[in-house]
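Let me begin by presenting the structure, written as structure tokens, before commenting on it.
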Amino acid sequence: MSDKAPVLEMRNVDKSFGPIDVLHEISLKVHEGEVLCLLGDNGAGKSTLIKTLSGVHQPTRGQMMMDGQEVRFPRPRDAQEMGIATVHQFGGTYPLMSVGRNFFAGAEPTKGFGPFKVFDRQKANQIAVEEVQKMGITRITDGDRLVGGLSGGERQSLAIARAVYFGARVLILDEPTAALGVKQAAHVLRIVNEAKRRGLAVIFITHQVMHAMAVGDHFAVLIRGAIAADFRKGEKSREEIADLMAGGESMADLEANIDGMADA
Ligand SMILES: Nc1ncnc2c1ncn2[C@@H]1O[C@H](COP(=O)(O)OP(=O)(O)OP(=O)(O)O)[C@@H](O)[C@H]1O
Ligand SMILES: [Mg+2]
């Protein structure tokens, strides 16, 4: 693994919005079959970082590399075409679309040809349901079901299954477990492991240390837009990671403060 170039890499990337500097000298890499967890407090710059990796924003300075070659993604579509699938925070699927439609949004299988091309609903539904089931979501059996009626975990799973099916090499998930219950979150974590097993490089953003530890091979902690720590699985304890995420303050001290407020 280590002698192969990383699938995706950032080298000294800065990102500013006008006078506001959000990312500073970000360097990170992710290899195939590896999960990189990006950790950090609210406003640390996590979403900005992954939007830069997925062509939503352009880096102000620095380089992005794929398989060791410099790349640019002027538009999100350019990143998608290079095999970077991103499930953005608070998004990803359209509630009023069916499972089958959603799965093929932008890449619909058609039957007939020329002006007679029509969306092949049955085929789309069949493939979508099969692929989602392969990811272990056996409760979705009807491709005509509206996405809005799925649970948060099922929607995330659908978005991940879609990325895998269309041959993504990099899967970027911005807080996929944030709004989920324990069981649903466990399911999404299992699917992340499945994507990794299939050789995808995964960048997984979370606030939850336990979720990160369940899937991460490599960890990067972002504090105020800079990488404050970068380490591999097993190199830091849960407490150390939680302290880093709290911006270097000890969680024990923070908790003592909260207890103090409750007593007052
Ligand atoms: N388009 C923009 N213009 C100006 N500032 C922005 C823009 N997008 C993000 N920011 C600022 O960049 C900082 C980082 O935001 P970002 O959304 O990347 O944080 P985050 O780590 O994803 O936070 P959260 O955990 O809350 O999702 C914030 O201070 C935010 O206000
Ligand atoms: Mg965010």
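Side notes on the structure shown:
- The condition of being among the small types (Gly, Ala, Ser), touching a residue at least 24 places away in the same chain (Cβ under 8 Å) and under 26 Å from Leu96 (Cα atoms) holds for only one of Gly149, Gly136, that being Gly136.
- Pick from the stretch 191-220, criterion open to solvent by less than 10 Å² (accessible area, probe 1.4 Å) and assigned to a strand (DSSP E or B), ranking: farthest from ligand 2 (Cβ to nearest atom): Ala201
- Test set (1) under 12 Å from Met66 (Cα atoms); (2) out of contact with any Leu (no Cβ under 8 Å at 6 or more places or on another chain); (3) not small (Gly, Ala, Ser) - Asn12 fails condition number: (1)
- Any hit, the stretch 21-41, residues being without any contact (Cβ under 8 Å) to a residue 60 or more places away in the chain and over 20 Å from Ala214 (Cα atoms): no
- Of everything in the stretch 169-179 that is more than 16 Å from ligand 2 (Cβ to nearest atom) and of a type outside the set (D, E, K, R), the residue that is surrounded by the fewest Cβ atoms within 10 Å (Cβ to Cβ) is Val170.
- Counting only strands (runs of 3 or more DSSP E) wholly contained in the stretch 1-73, the ones carrying 1 or more residues that are open to solvent by 20 Å² or more (accessible area, probe 1.4 Å), at pLDDT 95 or above and within 14 Å of ligand 1 (Cβ to nearest atom) occupy 8-17, 20-30.
The values are calculated or read from the model by the stated rules, or taken from the named source; none is laboratory data. Given the structure is predicted, the values throughout are model-derived calculations rather than measurements. Cβ atoms come from the backbone with ideal geometry, glycine included; neighbour counts cover every protein chain shown. The area values use the complete protein model at the heavy-atom level, side chains included, leaving out ligands, DNA and RNA. Shrake-Rupley method; radii C 1.70, N 1.55, O 1.52, S 1.80 Å.
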